[in-house]
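Values quoted throughout were computed directly from the atomic coordinates according to the rules given, and no laboratory measurement underlies them. Keep in mind that what you see is a predicted model, and the values were worked out from it rather than measured. Cβ: placed from backbone, ideal geometry, glycine included. Neighbour counts: every protein chain shown.
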Amino acid sequence: MVQLKPFDIQNVALHYKWNNDEALSYHDSEYPHTYESFESFLKRIKSVADANNNTAELFEIHLAENDKLIGIVDIHAIDDYNKRCYVNCTIGDGDYTGQGCDLEALQIILDYCFSKKGLHKVATTAFDFNTSWIEKVKEMGFKKEGELREHVLKKGSFCNKLIFSILSHEFETKQEYTEALAEH
């Protein structure tokens, strides 16, 4: 259903639109939504996507059937020594939320992190109200590692930020189990 492609600067206008989407920001950012100028966004995104940046990688989520760009996956806080990183998946195109595209993108990026990058641990975070993402990462085999209590102020109320992770051997076991089920 989806495929991941390296970030393409030619698509920066669409990424900029998603960056300034208040609803997406609500689920992804620890800070209230603020408008970011195109110049500022372009400078920031270029520094993240720079080939010399060893701590982050950006991928675009495209529909396999027609190559339509619908979201972004970012790998950040890459620590080659300790073999770990964080990932985030965002479906920017609202027509494709709730259809499992983010779960499929997460599956692909986990395989990339463990198989291609040789990482040992991949983590992700979620605000406690984002029950949809929490359920998806648990379904993928992530385990809750911690909770930052009343960590972020959202619309006048504090919410907790949850930390989840999956280890390479847990991912492999989950993959083997899923493949065995598919064969029967």
note = Wholly inside the range 8-87, helices (runs of 4 or more DSSP H) that include 1 or more residues that are farther than 21 Å from residue 106 by Cβ and not charged (D, E, K, R) are 12-19, 38-49
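A quick yes/no check of all residues on (1) surrounded by 10 or more Cβ atoms within 10 Å (Cβ to Cβ); (2) among the charged types (D, E, K, R); (3) within 14 Å of the chain's Cα centre (by Cα):
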position	(1), (2), (3)
24	yes, no, yes
29	yes, no, yes
33	yes, no, no
38	yes, no, no
66	no, no, no
69	yes, no, no
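Scan the range 76-110 for residues that are touching a Gly at 6+ places or on another chain (Cβ under 6 Å) and within 18 Å of residue 174 (Cβ to Cβ) and report the count.
0
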key: From 125, 90, residue being of a type in the set (Ser, Thr, Tyr), touching a Lys or Arg at 6+ places or on another chain (Cβ under 8 Å) and under 20 Å from residue 31 (Cβ atoms)   = 125
request  = Name the residue, out of 48, 73, that is crowded, with 18+ Cβ neighbours inside 10 Å and touching a residue at least 12 places away in the same chain (Cβ under 8 Å).
outcome  = 73
